[in-house]
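The values are calculated or read from the model by the stated rules, or taken from the named source; none is laboratory data. This one's a predicted model, so the numbers in the text were calculated from it and none came from an experiment. A quick note on method: Cβ atoms are made from the backbone with ideal geometry, for glycine too, and the neighbour counts reach across all protein chains shown.
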Amino acid sequence: WDCIMEDLERDLLTFEGFYFHRKACDTGVLENLDDFELRDDDVFVVTYPKSGTIWAQQILSLIYFEEHRKRTENLESHHRVPFLEYCSRDIDFASRPSPRLFVTHLPYYLVPRGLKDKKAKIIYIYRNPKDVMCSYFHFLNTYPVYKAADTIDAFMKQFLEGKVVGNLWFDHIRGWYEHRNYFNIQFMMYEEMKKDLRSSVFKLCKFLGEDLSEETMDTVVRQATFENMKNDPLANNENALYWNFGPKLREGHFLRKGTIGDWKNQMTVEQNERFDKIFQKQMKDIPLQFIWDV
Ligand code: A3P
């Protein structure tokens, strides 16, 4: 554990109490978040890592870019919907055409100040934290973004102490939920998207004020399924990660399983009970619903 902590100190940086992946993080953006100039039609997707960020990137870019639906432009989803705080050094946000779409893992207290005036729209996607934890474990053991424990048991400790990018899952969701009235925000649940993608896309479009034809809606839904994204080099993140990690990659994929309830295959009964106790204590006053299995 000590050695993981030592490596973590090297790989992560802390800004205002929040962890960032040091190498990929654009500290210039972080330092100027208060002055970030928002446009009314900006859209921000906010997630805790492993909760469906890339899925949202794909869905939003399909909703907004005809070129993406028609596959006439050869841009990966992370260029269409860039991260605010990661790998953004070469992107000039100010000169991007509207509507600008962003994703971020930031906690509610760090996002551009103007968002609190309900200037732009925010979509917060959340997923049951057992699946988040298992997805995170596999992700960090496939892509050595930063040092992670190599057993679920040890990773559970790391996750429940919030020693990961995103910090403590409970704090992230609580912060956003309790401050929801300050923002123009729509909460979306990963599991609901998985169970009924079409209704979820419809709900998103309603929130965004986008009126899609039935045919366009069909295209968005079809191209945003797990199977389609997994086979789509513009949507599966494989190129970007290969480019970043190359020979260090271990076997696995960014789009790993995309299911609800995989935690049941990963966690022991004892780990699950331990997790439940903490969940119940931490979430007792947060009325958000969760889906734990299919
Ligand atoms: P698993 O590891 O459980 O498969 P993020 O983009 O926030 O890092 O989240 C990644 C997780 O979302 C992975 O979970 C990935 O498979 C899942 N995911 C990505 N696209 C998806 C889709 N179209 N449908 C369902 N799950 C998807």
**Message:** Yes or no: the stretch 86-102 includes at least one residue that is crowded, with 21+ Cβ neighbours inside 10 Å, farther than 29 Å from Asp218 by Cβ and within 20 Å of the chain's Cα centre (by Cα).
**Reply:** no
**Prompt:** Could you list, in sequence order, the residues of the stretch 110-143 that are away from the ligand (no atom under 11 Å from the Cβ), of a type outside the set (Ser, Thr, Tyr) and within 14 Å of the chain's Cα centre (by Cα)?
**Reply:** Ile122, Ile123, Pro129
**Asked** For Leu38, all conditions in the list (1) buried (at least 17 other Cβ atoms within 10 Å of the Cβ); (2) modelled with pLDDT of 95 or more; (3) farther than 20 Å from Phe187 by Cβ hold save one; what is the number of the exception?
**Response** (1)
**Request:** Kindly check whether there is at least one residue in the stretch 208-224 that is within 10 Å of the ligand (Cβ to nearest atom) and closer than 24 Å to Val294 by Cβ.
**Result:** yes
**Asked** What do you reckon, is Arg256 under 17 Å from Val132 (Cα atoms), more than 14 Å from the ligand (Cβ to nearest atom) and touching a helix residue (DSSP H, G or I) at 6+ places or on another chain (Cβ under 8 Å)?
**Response** no
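Glu192 - would you say it is modelled with pLDDT of 95 or more, under 19 Å from the mean Cα position of the chain (by Cα) and not hydroxyl-bearing (Ser, Thr, Tyr)?
Yes, satisfied.
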**Fill in**
Counting only strands (runs of 3 or more DSSP E) wholly inside the stretch 3-100, the ones holding at least 3 residues that are in contact with a His (Cβ under 8 Å, 6 or more places away or on another chain) are none
**Message:** Please verify whether Arg256 is in contact (Cβ under 8 Å) with a residue 60 or more places away in the chain and surrounded by 13 or more Cβ atoms within 10 Å (Cβ to Cβ), treating the condition exactly as stated.
**Reply:** yes
**Request:** Pick out the one residue from Asn265, Asn237 that is modelled with pLDDT under 95, within 16 Å of the ligand (Cβ to nearest atom) and under 30 Å from Phe155 (Cα atoms).
**Result:** Asn237
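Scan the stretch 163-201 residue by residue and report those that are in contact with a helix residue (DSSP H, G or I) (Cβ under 7 Å, 6 or more places away or on another chain) and either basic (Lys, Arg) or more than 16 Å from the ligand (Cβ to nearest atom) (or both). Give the derivation first.
In the first step, residues of the stretch 163-201 are kept if they are in contact with a helix residue (DSSP H, G or I) (Cβ under 7 Å, 6 or more places away or on another chain); the result is 163-164, 166, 169-170, 182-183, 186, 188, 192-193, 197-198, 200-201.
If the condition is that a residue be in contact with a helix residue (DSSP H, G or I) (Cβ under 7 Å, 6 or more places away or on another chain) and either basic (Lys, Arg) or more than 16 Å from the ligand (Cβ to nearest atom) (or both), then Lys163, Phe170, Tyr182, Phe183, Gln186, Arg198 are the ones that fit.
Which helices (runs of 4 or more DSSP H) does the stretch 124-221 wholly contain that include 1 or more residues that are at positive phi?
Where helices (runs of 4 or more DSSP H) fall fully within the stretch 124-221, none carries at least 1 residues being at positive phi.
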**Request:** Would you be able to tell me the number of residues in the stretch 63-92 that are in contact (Cβ under 8 Å) with a residue 40 or more places away in the chain and either among the acidic types (Asp, Glu) or within 30 Å of Val164 (Cα to Cα) (or both)?
**Result:** 10
**Request:** Just need a number here: residues in the stretch 231-253 that are touching a residue at least 12 places away in the same chain (Cβ under 8 Å) and either buried (at least 17 other Cβ atoms within 10 Å of the Cβ) or not in a helix (DSSP H, G or I) (or both).
**Result:** 11
**Item:** Residue count, the stretch 50-80 (criterion: touching a Ser or Thr at 6+ places or on another chain (Cβ under 6 Å), of a type outside the set (D, E, K, R), surrounded by 24 or more Cβ atoms within 10 Å (Cβ to Cβ) and within 21 Å of Cys25 (Cα to Cα))
**Value:** 2
**Request:** Could you please let me know if Leu249 is under 30 Å from Lys157 (Cβ atoms) and under 20 Å from the mean Cα position of the chain (by Cα)?
**Result:** no
